[in-house]
Each structure stands twice: as structure tokens, then as C-alpha cells.
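Novice: Please see the structure below; I have some questions.
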Amino acid sequence: MIRAPRPLDGLNANPFAPRGDIADPYVFGTRGEAIAKLLQGIRDREVLHVLTGPTGVGKSVVLNAVLAPL
């Protein structure tokens, strides 16, 4: 007999919950540098900043962290 899965089926938290804690991103190394440089560029009213990188490196996390305090 196959049983129906239970909510969270033994997990402590929902692994697919939407992430709403952008004010506290996991910041380290170059991510922290990117956030600092983008914020400084905005404060200095620089015209253009480009944030690039391969898929999955955290470009959206960086941008959300930059936009959160604005």
C-alpha cells in the first residue's frame, strides 16, 4: 500500500517556501564587495553599474540586498 505524503514529510521546514528575508542575505566575499560598490555608486550618483556573472552566483541576491535599504 502506498501512503499519502504528510506535510513536510519529516522535514523541519518547507524546502520550497518563498524566500522573504532579503534584508538579511547570505553575504560573503565578493558578494559583500559587490553590494558595497553598488551602494557607493548609488550614493555617488554614478550613471551606470553592470553586475554580471554565471548562473547561480547570486546576482539577484546582491541586487535585492542593494535595493532593500533604498
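Novice: Ordered by residue, what ³J(HN,Hα) values in Hz, to whole numbers, does segment 42-52 give under the Karplus form 6.51 cos²θ - 1.76 cosθ + 1.60, where θ = phi - 60° and Gly and Pro are x?
Specialist: Taking θ as phi minus 60°, the curve returns 5, 4, 7, 6, 5, 6, 9, 10, 10, 10, 10 Hz for segment 42-52.
Novice: Sticking with this one: Report the accessible area of residue 35, computed with a 1.4 Å probe over the heavy atoms of all protein chains in place, in Å² rounded to the nearest 10.
Specialist: Probe radius 1.4 Å; accessible area of residue 35 about 20 Å².
The values are calculated or read from the model by the stated rules, or taken from the named source; none is laboratory data. Because the structure is a prediction, the values reported are computed rather than measured. With ligands, DNA and RNA removed, areas are computed over all heavy atoms of the protein, side chains included. Shrake-Rupley method; radii C 1.70, N 1.55, O 1.52, S 1.80 Å.
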